[in-house]
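A.B. asks: My structure is below; once you've seen it, I'll send some questions.
What follows is calculated from the coordinates using simple rules that are stated; it is not laboratory data. What you see is a predicted model; the values in this text were computed from it and never measured. Neighbour counts run over all protein chains shown; Cβ positions are idealised from the backbone, glycine included.
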Amino acid sequence: MTRVPVSLDGPSQLDGYRAIVGDGPVQTLERLAKHLRGRRLVMVNSTSLGGGVAEILHRLVRLLNEAGIATTWEVMPGHARFYAVTKALHNALHGTPVKFTDEDREVFRETNQHAASTLELDGDLILIHDPQPAGLIDRRQPGQSWVWRCHIDLSHARVEAWDMIAPLVQRYDAAVFSHASFAPELGVPAMLVPPSIDPLSDKNRPLREDEEERLLEPLGIPDRHPWVTQISRFDRLKDPVGVVRAFELVARHQRAQLILAGGSADDDPEGAEVLAEVRERVGKRTDVSVLELPPDAHLTINSIQARSTVLLQKSLREGFALTVSEGLWKRRAVVASAVGGIPLQVQHERTGLLVRSIEGAAYQTTRLLHAPALRRELGLHGHHHVRDNFLHTREARDYLALFVWLASHSTGALSHPGVASGPR
Amino acid sequence: MNHAPLSLHGVIHLVRALRRRAGDLEELRVGIAEAPRSSIFYHAVQHRLRDPAGDDLAPDDFSAWTRGVVQHPETAERLGFAALQHPQDADGMRAAMVEVLEAIPKSQRHERDSPLGGEFEFLAGESVVMPWGPPVADAAALYEALAAADASVWFWHFIEEPWTTGATPTPIAWLRGLGEPRLAEMLAIETAKPAALDQVRRTTLSRWRRSRLSARVAAASGVPEPERREAGRRAIQGLVRRVRRPEGE
C-alpha cells in the first residue's frame, strides 16, 4: 500500500481558513482549483510519519481536495540499505562530506525504478518532495507536469551528492526551493515557495486557559519569572549551548526562566552528545529547564510557546525554521538569528528582532523583557505577517499557480482563454 | 460605444530565483542593466502588492537594499525616485536607475558594498492572471466589483496591466467606451497615485461614493415629499447604526 489515506472527516479546513485569512485567499485557491478541475495532483515523498514534510502533506492534501482539486499522496517504498544511502545523501546535500560508492548509486537508482512501478503516478500534475524519490521522473508520461520540491538548504551541498540528483532534476519542468540562497544552478526554472504552518493544527491552534494549564502542569517549569524559550532539536546548528550562554548574560540583569525544549535524542547519537553538553553548561542552575519531548508533543509545544514571553531561535545555520512562524503566529516576541529563511519571517524591528551573536541575543532578549509595548507591537505585526505569507493556503496557492504557469508555457494542455501568464 | 461586459482579473505572482547576486553598487548597476524585465518588475513594481495594507508606499527593493544594507541613503533616495518616475515603462525605469548608479564614480561603487550574506538577490516575478468574479455591465457594477475585489485585482488592472502592455488600464478604457469619461478620468487619477494599494482603493471608492451623492440628490428631487422624508429617516438610522457599531465589527 503506497497511498496515504487522508481523512476528510471533521470540520472543513477551508471554513477554518476562511475565518482566519478571510474570503480572498480561499477564493483564489478555489479559482485556481476550478481552473485545474478535471486534473489530478499526485504528491510523492518518502514517509508518511515524522518530519516536517509529512506534517505539511497531511494537512495540505486535505486542503487541496476541499478546494476542489483531486489530490492523492503516495509514499515511496524503500528498505534499510536505501534509507542509509538517502540519509547520507541528505547529510551531504546539507554539506557533510560523504563518499558515495557505485553500489550506493545503484541502490538509489534501482529503488527508484522499483518504486516507479508500484506507485500510482497517473495524475496530470506530479509534485515530488525531496531527493529520495527524485528518480521517479523516469515514469513521466506525455502531457504530465512534473515539479521537484526541495525542502533542503542546498547552498552548501557537496558536489558528489548534487551530481547524483542534478541529472534527474534537469528533467523536471521546474524545481521549487524554500529560499533563493538554497537554489543551485539549474537548467529548469527555480521557483521559490516558502514552507508554511497550519493555524488549525494542534501545534498552532488557540488553547483555552485551562487546557494550557493542564498541558504545562506536568512539566513542572517554575513560573515566577518570564519564560525565554527555544524550541528545537538538540543539534549543534541550533546552538543550544549558545542559547544558555546568552541567557547567562540576560540573567545578570533580569530574573527569567530559560526553557530549552526539543525532540527526544534517543535515536540520534549526536543529539545525545549535544544534550549532554547543554546539561553540563546548565549545571545546577534552577532558572534553566531542559525538556526532552516526544515527537507528537504538538500541544505541549503549543502551550510552552503560547506561555513564553520571548521566543528564541539562535541557530547557526537554518533551513527555514518554521518554529519562528509558529511563535509569530502566537503573537510572541521573537529573537532569532539572521540565517537561512529566518529573515523572511523576522523583519528586524517590525515582526521580531534579528541577531548575529550571543551578545546580540542577550541584548535583544533583555530589551524585550523590559518592553511589553514593543513585545505586543512585534507580536501583532508578526501575526499578520504569518497570516499573509506563511499559512498553508498560500503554499497550496503557489503550487497550483505554478502548474497553471507551467501549462501556459508548454503545449497549452491546460490553457484557458481567461487565464494567462502575464507577458513580459 | 463599447457595451460588452467587462471581466475583472486578479493576479498571483510566482517568484523565480535568477541565481544572480550583487554585493556592491557596481554589481547592482550591472545587474539592473542586464536583468530581465520580469526581474525589474519584481523588485521595483511588484513590491506594492506585498503589503497592500501598509501605511504608506513601501520602497522598491533596490533602494531598500541600498539604504538598509549598503547604507548609502543618498543613492537610495535617487533610486527610489527613479523607480517612481517610470511606473509603466520598464526600459525607462531601468535606464533611470542605471543612470543614478553611473553618477557615482566606479571606484566608489565598488567601495559601497554589503556585509557577507547581505548580497542583493535578483529574483523575477512570473504572473498568473485569473478571472475575478462575474463580468460587470455598467459603471456602478464596476465600482461595486472593485469595492469587493482583493488587492491583486487592483494591482493587476491599475499597475501591472499598463506596465505589461503599455496600454490604458482595461477598466478605464472600458468606462470611456461606455460613455462615462468623467468616471474614467476619476479612476485614472486616483489609481495613478503612488500610494499603498489599500489607500488607493479607499480614496477611489470614497470619491465614487461622493460622486453618487449628487446623482442621488438630483434623482430624489422628483420624488414625492413623504417618500423623501422616509428615505431621509432610513439614511439617518443607517448612519446612527454605523456610528454605534464597535470598531472592527
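A.B. asks: Of the residues A:37, A:31, A:18, A:81, only one is outside any loop (DSSP other than H, G, I, E, B), surrounded by fewer than 18 Cβ atoms within 10 Å (Cβ to Cβ) and over 25 Å from the mean Cα position of the chain (by Cα); which?
C.D. replies: Details: A:37 fails: outside any loop (DSSP other than H, G, I, E, B); A:31 fails: surrounded by fewer than 18 Cβ atoms within 10 Å (Cβ to Cβ); A:18 fails: over 25 Å from the mean Cα position of the chain (by Cα).
Exactly one of A:37, A:31, A:18, A:81 is outside any loop (DSSP other than H, G, I, E, B), surrounded by fewer than 18 Cβ atoms within 10 Å (Cβ to Cβ) and over 25 Å from the mean Cα position of the chain (by Cα), namely A:81.
For every residue, the table says whether it meets (1) in a helix (DSSP H, G or I); (2) touching a Leu at 6+ places or on another chain (Cβ under 9 Å).
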| residue | (1), (2) |
| --- | --- |
| A:62 | yes, yes |
| A:77 | no, yes |
| A:103 | yes, no |
| A:126 | no, yes |
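A.B. asks: Check off (1) free of Cβ contacts under 8 Å to residues at least 40 places away in the same chain; (2) surrounded by fewer than 16 Cβ atoms within 10 Å (Cβ to Cβ); (3) not hydroxyl-bearing (Ser, Thr, Tyr) for residue A:271 and give me the number that stays unchecked.
C.D. replies: For residue A:271, the exception is condition (2).
A.B. asks: So which residues in the stretch B:159-170 are in contact with an Asp or Glu (Cβ under 9 Å, 6 or more places away or on another chain) and either of a type in the set (A, V, I, L, M, F, W, C) or not in a loop (DSSP other than H, G, I, E, B) (or both), if there are any at all?
C.D. replies: B:163, B:167, B:170
A.B. asks: Applying the selection to the stretch A:15-37, what residues are in contact (Cβ under 8 Å) with a residue 12 or more places away in the chain and small (Gly, Ala, Ser)?
C.D. replies: Pass one, the stretch A:15-37, residues in contact (Cβ under 8 Å) with a residue 12 or more places away in the chain: A:16-17, A:20-21, A:25-26, A:28-30, A:32-37.
Of everything in the stretch A:15-37, those that are in contact (Cβ under 8 Å) with a residue 12 or more places away in the chain and small (Gly, Ala, Ser) turn out to be A:16, A:33.
A.B. asks: Next question. May I ask you to list the residues in the stretch B:1-20 that are over 20 Å from residue A:193 (Cβ atoms) and at the interface with another protein chain (Cβ under 9 Å from one of its Cβ atoms)? Reasoning before the result, please.
C.D. replies: The initial filter retains those residues of the stretch B:1-20 that are over 20 Å from residue A:193 (Cβ atoms), namely B:1-9.
Across the stretch B:1-20, the qualifying residues are B:7, B:9.
A.B. asks: Sticking with this structure for a sec: Could you please find all residues in the stretch B:140-169 being within 13 Å of chain A (Cβ to nearest Cβ), crowded, with 18+ Cβ neighbours inside 10 Å and not aliphatic (A, V, I, L, M)?
C.D. replies: B:150, B:152, B:154, B:155, B:156, B:157, B:160, B:161, B:162, B:163, B:164
A.B. asks: Let me ask something additional. Do we find that residue A:8 is assigned to a loop (DSSP other than H, G, I, E, B) and either within 14 Å of chain B (Cβ to nearest Cβ) or hydrophobic (A, V, I, L, M, F, W, C) (or both) in this structure? Please lay out each step first, then the result.
C.D. replies: Working: assigned to a loop (DSSP other than H, G, I, E, B): yes; either within 14 Å of chain B (Cβ to nearest Cβ) or hydrophobic (A, V, I, L, M, F, W, C) (or both): yes.
Answer is yes for this residue.
A.B. asks: Given the criterion more than 12 Å from chain A (Cβ to nearest Cβ), crowded, with 18+ Cβ neighbours inside 10 Å and among the hydrophobic types (A, V, I, L, M, F, W, C), identify the matching residue among B:25, B:123, B:49. Let's see the steps before the verdict.
C.D. replies: Numbers: B:123 fails: more than 12 Å from chain A (Cβ to nearest Cβ); B:49 fails: more than 12 Å from chain A (Cβ to nearest Cβ).
Residue meeting the stated conditions: B:25.
A.B. asks: Step by step: first the residues of the stretch A:150-190, then only those that are charged (D, E, K, R) and without any contact (Cβ under 8 Å) to a residue 60 or more places away in the chain, then the one that is surrounded by the fewest Cβ atoms within 10 Å (Cβ to Cβ). Which residue is that? Working first, answer last.
C.D. replies: Just the residues of the stretch A:150-190 that are charged (D, E, K, R), to begin with: A:153, A:158, A:160, A:163, A:171, A:173, A:185.
Keeping just the survivors that are without any contact (Cβ under 8 Å) to a residue 60 or more places away in the chain gives A:163, A:171, A:185.
Numbers: A:163: 12, A:171: 15, A:185: 8.
Per the criteria, the residue is A:185.
A.B. asks: I'm trying to understand the selection: among the residues of the stretch B:126-139, which are in a strand (DSSP E or B), crowded, with 19+ Cβ neighbours inside 10 Å and more than 9 Å from every other protein chain (Cβ to nearest Cβ)?
C.D. replies: Filtering the stretch B:126-139 for residues in a strand (DSSP E or B) gives B:126-136.
So of that shortlist, the ones also crowded, with 19+ Cβ neighbours inside 10 Å come out as B:126-130, B:132, B:136.
B:136, the sole residue that qualifies.
A.B. asks: Pick out the one residue from A:4, A:53, A:42 that is buried (at least 17 other Cβ atoms within 10 Å of the Cβ), of a type in the set (A, V, I, L, M) and in contact with a helix residue (DSSP H, G or I) (Cβ under 9 Å, 6 or more places away or on another chain).
C.D. replies: Working: A:53 fails: in contact with a helix residue (DSSP H, G or I) (Cβ under 9 Å, 6 or more places away or on another chain); A:42 fails: in contact with a helix residue (DSSP H, G or I) (Cβ under 9 Å, 6 or more places away or on another chain).
Unique residue meeting the criteria: A:4.
Yes/no per residue for (1) under 26 Å from residue A:112 (Cα atoms); (2) within 14 Å of chain B (Cβ to nearest Cβ); (3) not β-branched (Val, Ile, Thr):
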{"residue": "A:15", "(1), (2), (3)": "no, no, yes"}
{"residue": "A:21", "(1), (2), (3)": "no, yes, no"}
{"residue": "A:36", "(1), (2), (3)": "no, yes, yes"}
{"residue": "A:49", "(1), (2), (3)": "yes, no, yes"}
